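Written below as structure tokens is the structure these notes are about.
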Amino acid sequence: MAFDLDMKKFWEINEKCKNLKGDIIRVPVSIHLDGDWICEYLKLDNAKYYSDFEYQQENRLRCSEITEKELAYTIKPDVDFGVIMDSSIYGGTVNYESNATPTLKPVVNDPEEIDALIEKMQKVDILEQGLIPKYLEWREKIKTRYGIDLKYGGGIKGCATMMGQICGITNFLTWIITNPDEIHRLIGCWLETSKRYLKIMREVTGFPEDHRGFAFASDVAGMLSPDLYREFIMEAEKELYDTFAPNPEDTRFYHADYHMLHLLDSLREIGVNAVNIDPYIEPKQIMEKMPGVIIHGQIPPTKVLLYGTPEEVYECAKRDIEQAGPSKQLVLCTAGSINPGTSFENLKAMCRAAEDFGYIY
């Protein structure tokens, strides 16, 4: 089966279908090609891409010429540090690799070091920490050169993920059992530091005051049992939602591309109303646990979108549309990030499924 499509027309219609609360005619589709995908497609040096402003912007624009031709999809200039900027404010050294996304060296290597970090974070100037000065410098260059005024503060890495970056994932998952008091204190520090961080970043980047919503991205959350999530993480994340998305109509978005079915009850209780989670489950399973939730998914990024055939992507997208039904609860996309190496043919197959089966409203 051919999956050819007038992609320019497709995205024009898609733009009018993004507001699921409005009068739309088709299931919307979302595609985001990140730095890891760009580096793989262009065979770039990842270390240079994530650390060199000129190299990053030059190759984003070069890749955009290709994606515009293939998908009518534009990759704009942006500041892309991978997934580490939020946690970098705690002081971890950045590890750059030529063939991988950047990571942070843990800043805490023993539970006895936690209180010293807490004391330090109470005194630091957030804008001088980690990658923040570099972000602000690159942001200003993009504004001057391209006329793009980047904003920051609509979301943050989730608590469990940042604990994993601060302590190391194995240490965090161990200490939450062996040193619960220290982890409770560190999470309290994370909560207060996150409030300061988000407020100052919103202020210095001119984040719009009328923005309605807040997002977490926290793959590590799924590694916790429901009881551990409730005891350590749940109230802290709820407090950030209450601070930055306080109104009933505000979007409370949660991303986690790991097993999350066991935490859906908790997410519902803290008011999460939009998810991009768990490539191992189907839309109907999410809707059973979280009635009314907006699902950004639910195509498995590795098994189907990366390694599957276009026909398999098409059938999976059809399944998602049929399970979500006419209730305007689906943004068709991958349940997680689009993996490096994902083909244009498979992305087109996803779009074609929306075109063939998505006019249900």
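Since every read-out is calculated from the coordinates, none of them should be taken as a lab result. Values in this document were obtained by computation on a predicted structure and should not be read as measured data. Cβ sites come from the backbone with ideal geometry, for glycine too, and all protein chains shown count toward neighbours.
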Under the Karplus relation 6.51 cos²θ - 1.76 cosθ + 1.60, θ = phi - 60°, what is the ordered set of whole-Hz ³J(HN,Hα) values for the stretch 218-230, x standing for Gly and Pro?
8, 4, 5, 3, x, 7, 9, 6, x, 5, 5, 4, 5
Residues 10, 216 arranged by fewest to most Cβ contacts within 10 Å:
10, 216
Karplus-derived 3J(HN,Hα) from phi for the stretch 348-361 (6.51 cos²θ - 1.76 cosθ + 1.60, θ = phi - 60°), whole Hz, x at Gly and Pro, runs 5, 4, 4, 5, 5, 4, 4, 5, 7, 10, x, 8, 10, 9
Most fluctuating residue of 327, 343, 88 in a GNM of the chain with Cα springs under 10 Å: which is it?
327
Gyration tensor on Cα atoms of the stretch 1-148, a ≥ b ≥ c root eigenvalues, a/c under 1.5 rounded, else prolate if a/b beats b/c, else oblate, says prolate
Quick one: which residues, 5+ away or cross-chain, put their amide H under 5 Å from the amide H of residue 360? H built at 1.01 Å from N.
27
Under 5 Å between amide H atoms, partner at least 5 residues away or on a different chain: which partners does residue 298 have, H built in plane at 1.01 Å?
333
On alpha carbon coordinates alone, what is the Rg over Rh value for the chain, Rh being the Kirkwood radius?
0.95
Which of 161, 193, 243 has the fewest Cβ neighbours within 10 Å, and the rest in rising order:
243, 193, 161
For residue 213, distant residues with modelled amide H under 5 Å away
251
Evaluate the relative contact order of the chain (contact order divided by residue number), counting alpha-carbon pairs under 8 angstrom at least 6 apart; express in whole percent.
19 percent
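Below 8 Å, C-alpha to C-alpha, sequence gap of six or more: please give me the relative contact order for the stretch 138-219 in percent.
It rounds to 50 percent for the stretch 138-219.
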Give the dimensionless ratio obtained when the Cα radius of gyration of the stretch 218-361 is divided by 2.2 N^0.38 Å.
1.07
Comparing 151, 105, 21 in a Gaussian network model of the chain (Cα, 10 Å), the one with the largest mean-square fluctuation is 21
The stretch 195-323: relative contact order in percent, alpha carbon pairs under 8 Å with at least 6 residues between
20 percent
Scalar couplings 3J(HN,Hα) for the stretch 257-265 by Karplus 6.51 cos²θ - 1.76 cosθ + 1.60 (θ = phi - 60°), nearest whole Hz, x for Gly and Pro, are 8, 9, 4, 9, 4, 6, 10, 5, 4
Taking just the C-alpha trace of the stretch 145-236, give me its Rg and Dmax in Å.
15.4, 51
Could you list 200, 166 in order of exposure, starting from the residue whose Cβ has the fewest other Cβ atoms within 10 Å?
200, 166
Relative counts (whole %) of C-alpha pair distances in the stretch 99-182, using bins that are 5 Å wide:
3, 11, 16, 20, 17, 13, 9, 6, 3, 1, 0
Distance between the stretch 176-237 and the stretch 6-23 - C-alpha centres, whole angstrom
33 Å
The rounded separation in angstrom of the Cα centers of the stretch 279-346 and the stretch 94-151 is 32 Å
Proximal lysines relative to residue 123, as straight alpha-carbon distance under 21 Å, when same-chain residues fewer than 8 apart are discounted:
134, 195, 199
23 Å Cα-Cα threshold exceeded, pairs from 16/348; 48/69; 76/151; 76/328; 303/348
48/69; 76/328
Looking at the chain as a GNM with Cα springs under 10 Å, which of 59, 95, 14 has the largest mean-square fluctuation?
95
Taking Cα atoms only, helix 169-178 is inclined relative to the longest principal axis of the chain by an angle, in degrees rounded to 10, of 50 degrees
